[in-house]
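Engineer: My structure is below; once you've seen it, I'll send some questions.
The values are calculated or read from the model by the stated rules, or taken from the named source; none is laboratory data. Computed from a predicted model, the values in this text were never measured in an experiment. Quick reminder, even Gly has a Cβ in these numbers, built from the backbone with ideal geometry, and neighbours come from all protein chains shown.
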Amino acid sequence: MSYHREIQNVRAHINSLRLALGVVLILALFMGWGWYSAPREMTVHIPPDLRSGSTQPADEVPQVNVYAFTYYIWQQMNRWPEDGSNDYGQNIYRLAAFVTPQFRRQLQRDLEQRGRRGELSGRERSVVEIPGAGFSPRRVQVQADGQSWVVWLDLQINETVRGRAVKQTPIRYPLRVVRHDVDRERNPWGLAIDGFAGEGPQRIPQEPEAD
């Protein structure tokens, strides 16, 4: 009897080992699947000023980063160093990854309209941030979906034709920015300008000079 009982104990132990091995195998398969399906790259947006520390979720874009992206891309779009009839179209093509397809078509229509009105040929253009109108949290409004923003840029437009100034105008641009993580090779920001918000660009009234 003791011999048969010993055999039963050994068989029970073997069965328990088989069960444990099966559980370990299942866990290993789940871990392998999780490792395989995990993202190989992760973009973390770090605020530029870390003097006071920062706790930043990996998928959250700080307002200051959204503002910096918008200002940089919009300034590049409006930089015509030699001739607007060539430079503007080249900028639209060169910066296509940083604007949505819808806004790109809008910019192309603007290019055609300006060309017909004679506002491009021989014209040089640049935009700069108006002093004192740089980033502040109120200039970047997070939308309800949490995936888009409205950025207000107060910029000075400077245009010249053959070295003569023809425009020096302060303009407020309300630009809509959205997440656009479709091609990290061409757009590592994962953001894109989607067009104008509200009533679009507005001229900023200049305060009269004091006597």
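Engineer: If a residue must be within 21 Å of the chain's Cα centre (by Cα) and of a type outside the set (K, R), how many such residues does region 73-89 contain?
Structural biologist: Residues meeting the conditions: 6.
Engineer: On the basis of being in a strand (DSSP E or B), surrounded by 13 or more Cβ atoms within 10 Å (Cβ to Cβ) and either under 17 Å from the mean Cα position of the chain (by Cα) or not assigned by TED's automatic domain parsing to the domain that holds M77 (or both), does P174 make the cut?
Structural biologist: yes
Engineer: In addition: All but one of (1) in a loop (DSSP other than H, G, I, E, B); (2) out of contact with any Leu (no Cβ under 8 Å at 6 or more places or on another chain) hold for R138; state the number of the condition that does not hold.
Structural biologist: (1)
Residue by residue, here is whether (1) at pLDDT below 70; (2) among the charged types (D, E, K, R); (3) exposed (fewer than 10 other Cβ atoms within 10 Å of the Cβ); (4) more than 57 Å from the chain's Cα centre (by Cα) holds:
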site	(1), (2), (3), (4)
S2	yes, no, yes, yes
I14	no, no, no, yes
L19	no, no, no, no
G22	no, no, no, no
L27	no, no, no, no
G32	no, no, no, no
R40	yes, yes, yes, no
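Residue-wise test of (1) among the hydroxyl-bearing types (S, T, Y); (2) in a helix (DSSP H, G or I).
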{"position": "Y67", "(1), (2)": "yes, yes"}
{"position": "G89", "(1), (2)": "no, yes"}
{"position": "R105", "(1), (2)": "no, yes"}
{"position": "D110", "(1), (2)": "no, yes"}
{"position": "G115", "(1), (2)": "no, yes"}
{"position": "S121", "(1), (2)": "yes, no"}
{"position": "V128", "(1), (2)": "no, no"}
{"position": "D145", "(1), (2)": "no, no"}
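Engineer: So which residues in region 123-140 are among the small types (G, A, S) and surrounded by 12 or more Cβ atoms within 10 Å (Cβ to Cβ)?
Structural biologist: Of everything in region 123-140, those that are among the small types (G, A, S) and surrounded by 12 or more Cβ atoms within 10 Å (Cβ to Cβ) turn out to be S126, A133, G134.
Engineer: Moving on to the next point. Under 7 Å between Cβ atoms, which residue pairs at least 6 apart in sequence (or on different chains) link something in region 197-208 that is more than 18 Å from I157 (Cβ to Cβ) with a partner that is at pLDDT 90 or above and surrounded by 10 or more Cβ atoms within 10 Å (Cβ to Cβ)?
Structural biologist: Pairs found: A197/V150; A197/P174; A197/L175; A197/R176; G198/P174.
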